[in-house]
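Step one of this worksheet: look at the structure below.
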There are 2 protein chains.
Amino acid sequence: MLRGNMLIAQGGGPTVVINQSLVGAILEARKYDDIEAIYGSRHGVSGILKENFVDFTHVGDVHLEAVARTPGSALGSTRDKPDQAYCEKMFEVMQKHNIRYFFYIGGNDSADTCRIVNEEAKKVGYELHIIHIPKTIDNDLPGTDHCPGFGSAARFVASAFRGINFDNASLPGVYIGVVMGRHAGFLTAASVLAKQNESDGPHLIYTPEKNFDIHQFTHAVKEIYEKYRRCIVAVSEGIHDADGVPIMVKLAKQVERDAHGNVQLSGSGALADLLSQRVKDHTGISRVRGDTFGYVQRSFLGCISSVDKQEAREVGMHAVRFAMAGDVDGSVAIKRVGEYSVEYGLIDLSVVAGQTKIMSEDFFENDNMVNETFVKYIKPLVGNLDDVVYLDAPLVNI
Amino acid sequence: MLRGNMLIAQGGGPTVVINQSLVGAILEARKYDDIEAIYGSRHGVSGILKENFVDFTHVGDVHLEAVARTPGSALGSTRDKPDQAYCEKMFEVMQKHNIRYFFYIGGNDSADTCRIVNEEAKKVGYELHIIHIPKTIDNDLPGTDHCPGFGSAARFVASAFRGINFDNASLPGVYIGVVMGRHAGFLTAASVLAKQNESDGPHLIYTPEKNFDIHQFTHAVKEIYEKYRRCIVAVSEGIHDADGVPIMVKLAKQVERDAHGNVQLSGSGALADLLSQRVKDHTGISRVRGDTFGYVQRSFLGCISSVDKQEAREVGMHAVRFAMAGDVDGSVAIKRVGEYSVEYGLIDLSVVAGQTKIMSEDFFENDNMVNETFVKYIKPLVGNLDDVVYLDAPLVNI
């Protein structure tokens with residue numbers, strides 16, 4: 001058995017339960033004699049280069065549990081993407097600290113980092129076990145039924161739209177809510193859970209899985225508005241035209257890209273504003289409002305799915321168990337069993353690394369609405385929302 | 001004692017607890033023999049003209065309690081502002097239905113409606129008792145310590161910023177969150193409750209009580225960023241320059257106004273985007289994100305202050321008690337007693353009607369931060385937020 005120190009880090013966008021995975025892995029690692037010290041790297045792989053490590057070995061359980069309940073990445077995050085030179089420096093530092101187990105909590109970019117580090121480690125003959133621990137509010141990792149972090153963000157989105165539905169019923173008009181999601185529409189589609197009745201919003205759901213046509217969009221809004229005198233729309237920030245050009249990029253004066261080449265889509269209200277203006281201009285509807293949910297949806301305090309919290313903890317624990325069970329590298333995956341329980345498995349890093357899973361065609365009723373199959377898929381991950389009601393009182397005779 | 005039917009309605013922007021006031025008034029009214037039927041008008045005063053009434057007299061308590069828990073205005077809302085002709089039509093309909101008690105749940109515009117209706121009723125000799133039941137997330141009504149609806153919206157804002165603080169600590173940069181608030185900065189300033197430590201965000205709070213200078217703003221952001229390597233800013237949508245021109249109006253191509261002459265500030269991300277772009281252009285900081293909290297802050301399911309919920313119920317109950325206690329009209333006001341309980345009183349409609357209370361100078365530490373006096377004022381209204389923590393682990397020696 002490989003004996004040495006363990007290093008854990010967090011990459012990419014944080015979630016409200018990402019620290020559950022961190023703490024799950026730390027507490028589990030303490031059970032194994034072959035893991036000597038338990039280190040954390042600050043701001044993902046970038047902390048390795050800077051030799052910016054903290055020592056979890058003797059940190060108290062009560063403090064760790066408080067960290068687990070805290071949104072954001074407790075160790076700090078990064079969007080760095082290591083190349084060969086970057087990896088060489090990492091191994092130098094890792095060797096110095098006798099790191100033999102490396103756990104990286106993150107999405108597909110972080111899994112890609114794991115793959116690169118793993119390949120480079122093999123090339124230079126540095127003995128290292130690498131396990132990727134999945135996390136993403138986008139739910140876009142292949143090989144796993146769903147991703148920790150998604151259920152809680154989906155709970156925020158669904159709760160928000162359920163509230164918005166009643167706000168919009170009070171002062172009718174068109175409401176457009178822009179939800180995070182670059183390539184995959186899972187989070188936007190989660191808004192469907194807001195619906196208690198057919199006539200409830202969101203009435204239209206636009207995800208990146210389908211090409212977005214602005215004319216069809218305004219037409220659909222008008223049609224719904226004529227039927228219900230109001231219309232609520234959920235839109236992914238990543239919607240794009242038939243050529244694959246994001247609607248957002250089409251209008252942004254300048255775009256910002258991270259080290260993985262991703263264009264910044266979040267942190268701007270431009271898409272909601274453009275769509276609102278379009279509806280105003282082309283339908284004659286006067287009350288049109290556009291909101292962009294922004295960073296609140298991945299960090300809001302007090303909107304955590306209990307299933308998500310539990311699974312985020314368990315993927316961290318299982319990552320350590322898998323690493324200690326043999327000479328393996330990989331990514332922890334969740335397998336759904338029945339309705340509803342899960343099992344954890346280890347899949348090849350290449351399945352996840354840099355790959356994006358989008359919503360299956362089976363989940364769509366049509367281009368702007370998801371179906372019952374999707375609701376059945378997502379409901380256990382989000383949990384029940386509060387039931388709220390429309391006023392039901394007899395009309396006064398006139 | 002005046003005997004007849006009661007009519008209740010809701011005006012202006014909804015809150016998550018506005019239906020508590022509605023249900024409080026209905027249930028209380030059932031105790032009085034002089035109130036015969038209990039009617040509700042759909043979409044505020046506009047429902048009176050359309051004779052669009054529902055009959056609450058025999059609606060079950062269990063259903064009413066479910067309505068009370070539902071965000072938004074259950075009866076529907078309006079932004080109509082009655083003039084003399086409007087009032088004449090209202091009295092015709094009211095007379096037909098023998099309405100002798102009228103309760104209007106709303107903000108300063110709705111209080112203004114009450115004042116106008118009251119004056120016109122006196123002019124034409126229509127015997128009617130009018131009570132305004134306060135509601136607004138802006139907390140900007142004079143004569144009352146605070147307004148029902150504010151505490152829950154403030155809880156949303158504070159919870160959001162506490163989460164954002166940890167998200168931003170994970171991936172440091174500048175974060176600008178735009179909060180609702182046209183003239184009064186209470187809701188934006190509520191973000192201060194997110195802070196557990198001095199170094200926590202929000203680091204800067206900009207409200208409409210102070211003139212906004214874009215150069216001072218970028219300078220302040222840069223200064224905080226140099227100190228903490230990150231900066232979180234809370235900004236009211238209604239911030240304006242020294243001439244009183246809203247920063248939002250300065251850039252909007254076209255502005256929308258309601259019947260009360262208010263410019264539409266909400267439902268657009270333009271202000272956050274402008275400020276973010278300014279910071280990027282003038283500080284050289286690359287990671288700058290702007291969010292606009294939007295309608296979610298006044299309708300989010302599952303973020304209700306228990307004090308706010310209770311008080312919203314009680315202002316509704318007291319409105320009926322005051323109306324039945326004598327020949328009075330007025331607006332229900334909350335008086336703070338000790339730390340912390342409240343008493344309810346009735347104040348003259350003219351105190352509230354069309355008037356705006358802004359934050360007292362005593363609440364400010366300086367132009368971009370509130371002080372402990374404000375925290376002491378607001379904390380009981382919002383309640384405690386979840387405590388969350390930064391990771392505290394020893395550094396690894398290098």
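The values are calculated or read from the model by the stated rules, or taken from the named source; none is laboratory data. The structure presented is a predicted model; accordingly, all values stated were derived computationally and were not measured. In this analysis, Cβ positions are derived from the backbone assuming ideal geometry, glycine residues included, and neighbour counts consider all displayed protein chains. Heads up: the accessible areas ignore ligands, DNA and RNA and are worked out on the full protein's heavy atoms, side chains in. Shrake-Rupley method; radii C 1.70, N 1.55, O 1.52, S 1.80 Å.
Within the range B:44-53, restricting attention to residues that are within 9 Å of another protein chain (Cβ to nearest Cβ) and in a loop (DSSP other than H, G, I, E, B), the residue that is farthest from B:Val124 (Cα to Cα) is B:Asn52. If you go through the range B:122-142 and keep only what is under 21 Å from B:Lys376 (Cβ atoms) and either touching a Ser or Thr at 6+ places or on another chain (Cβ under 7 Å) or within 14 Å of chain A (Cβ to nearest Cβ) (or both), you end up with B:Ile137, B:Asp140. If you go through the range A:61-103, how many residues are farther than 19 Å from A:Thr113 by Cβ and open to solvent by 40 Å² or more (accessible area, probe 1.4 Å)? Here the count works out to 7.
From the set of residues in the range B:376-398 that are more than 12 Å from chain A (Cβ to nearest Cβ) and crowded, with 16+ Cβ neighbours inside 10 Å, which is farthest from B:Gly151 (Cα to Cα)?
B:Tyr377
Among the residues of the range B:54-77, are any more than 9 Å from every other protein chain (Cβ to nearest Cβ), part of a loop (DSSP other than H, G, I, E, B), under 17 Å from B:Pro134 (Cβ atoms) and of a type in the set (Gly, Ala, Ser)? No: the range B:54-77 contains no residue that is more than 9 Å from every other protein chain (Cβ to nearest Cβ), part of a loop (DSSP other than H, G, I, E, B), under 17 Å from B:Pro134 (Cβ atoms) and of a type in the set (Gly, Ala, Ser).
Has the range B:85-102 got at least one residue that is at negative phi and within 20 Å of the chain's Cα centre (by Cα)? No, there is no match, as no residue in the range B:85-102 is at negative phi and within 20 Å of the chain's Cα centre (by Cα). Looking across A:Gly316, A:Gly338, A:Gly330, one residue alone is without any contact (Cβ under 8 Å) to a residue 12 or more places away in the chain, assigned by TED's automatic domain parsing to the domain that holds A:Gly12 and either crowded, with 20+ Cβ neighbours inside 10 Å or at positive phi (or both). It is A:Gly338. Do we find that B:Gly12 is within 14 Å of chain A (Cβ to nearest Cβ) and in a loop (DSSP other than H, G, I, E, B) in this structure? In short, yes.
Do we find a residue being more than 30 Å from A:Gln84 (Cβ to Cβ) and touching a Ser or Thr at 6+ places or on another chain (Cβ under 9 Å) anywhere in the range A:39-57? There is no residue in the range A:39-57 that is more than 30 Å from A:Gln84 (Cβ to Cβ) and touching a Ser or Thr at 6+ places or on another chain (Cβ under 9 Å).
Of all residues in the range A:6-56, those satisfying the criterion of being more than 22 Å from B:Gly173 (Cβ to Cβ) and open to solvent by 20 Å² or more (accessible area, probe 1.4 Å) are A:Leu27, A:Arg30, A:Lys31, A:Tyr32, A:Asp33, A:Asp34, A:Glu36, A:Tyr39, A:Glu51, A:Asp55. All conditions but one from (1) surrounded by fewer than 24 Cβ atoms within 10 Å (Cβ to Cβ); (2) within 30 Å of B:Phe103 (Cα to Cα); (3) modelled with pLDDT under 95 apply to B:Arg321; the one that does not is (3). The set of residues in the range B:103-141 that are under 30 Å from B:Phe374 (Cα atoms) and assigned to a helix (DSSP H, G or I) comprises B:Asn108, B:Asp109, B:Ser110, B:Ala111, B:Asp112. Taking each residue of the range B:16-43 that is more than 9 Å from chain A (Cβ to nearest Cβ) and in a strand (DSSP E or B) and looking for partners that are surrounded by fewer than 24 Cβ atoms within 10 Å (Cβ to Cβ) and hydroxyl-bearing (Ser, Thr, Tyr) with beta-carbon atoms closer than 7 Å, six or more apart or interchain, yields B:Ile38/B:Thr57. Restricted to the range B:285-363, the set of strands (runs of 3 or more DSSP E) holding at least 1 residues that are more than 14 Å from chain A (Cβ to nearest Cβ) and touching a Gly at 6+ places or on another chain (Cβ under 6 Å) comprises B:330-337, B:341-347.
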